[in-house]
Amino acid sequence: MRFMIQVRATATSERGDPPGPEYAELFEQMGAFHAEMARAGVLLDGAGMRPSRDGWRQRYHPDGRVEQIDGPFAETKELIAGYTLIQVRSVEEAQAWARRFPMPFVGIECEIEVRRLYEDADFGPGGDMAIGHR
């Protein structure tokens, strides 16, 4: 089972300021946590994401038009500041790793969201929806 641990964005992360010295301990904790997950064989990937001003959205219309909407995006609570992708044997194991996830921002209320990814087997025999995953 694969799960994505999403670090929800904050006004601070969306400003895109370089992290100050107060983040040194957090970066050390996060690095150690990712290293531990790698040693346990559950870490697939993880990274921080640049602010939404550096990105865009594509909106698909029923008539076939595709519209590009450049960032930044106003609703910070709907944005992701980073992610960690893990592969574990059970929901309980994913929950155990998530409980140990370091607090992602210093001195402000923040949250992570954990979501299970679809697997080919979720789509029945011959299902092949997880493009690029084997």
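The values are calculated or read from the model by the stated rules, or taken from the named source; none is laboratory data. In this text, all values refer to a predicted model and were calculated from it rather than measured experimentally. These area figures cover heavy atoms from the full protein model, side chains too; ligands, DNA and RNA do not enter into them. Shrake-Rupley method; radii C 1.70, N 1.55, O 1.52, S 1.80 Å.
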Quiz item: In the set [x] 8.2; [y] 9.3; [z] 10.5, which value of mean projected area of the Cα convex hull in nm² was calculated from the structure you see?
Solution: [z]
Quiz item: Applying the Karplus parametrisation 6.51 cos²θ - 1.76 cosθ + 1.60 with θ = phi - 60° to the phi angles of the stretch 109-120, what ³J(HN,Hα) value in whole Hz is obtained for each residue in order, glycine and proline being reported as x?
Solution: 5, 8, 8, 10, 10, 10, 10, 7, 8, 5, 10, 3
Quiz prompt | the stretch 21-34 - phi-based ³J(HN,Hα) in whole Hz, Karplus 6.51/-1.76/1.60, Gly and Pro as x | solution = x, 5, 8, 4, 5, 4, 4, 5, 4, 5, x, 5, 5, 5
Quiz item: Which value, in Å², gives the accessible area per residue of the stretch 2-134 when a 1.4 Å probe is used on the protein heavy atoms?
Solution: 68 Å²
Practice problem: Determine ³J(HN,Hα), in whole Hz, for all residues of the stretch 3-17 in sequence, where each value follows from phi through the Karplus function 6.51 cos²θ - 1.76 cosθ + 1.60 and θ = phi - 60°; x replaces Gly and Pro. | Solution: 10, 10, 8, 9, 8, 6, 5, 10, 4, 5, 5, 6, 5, x, 5
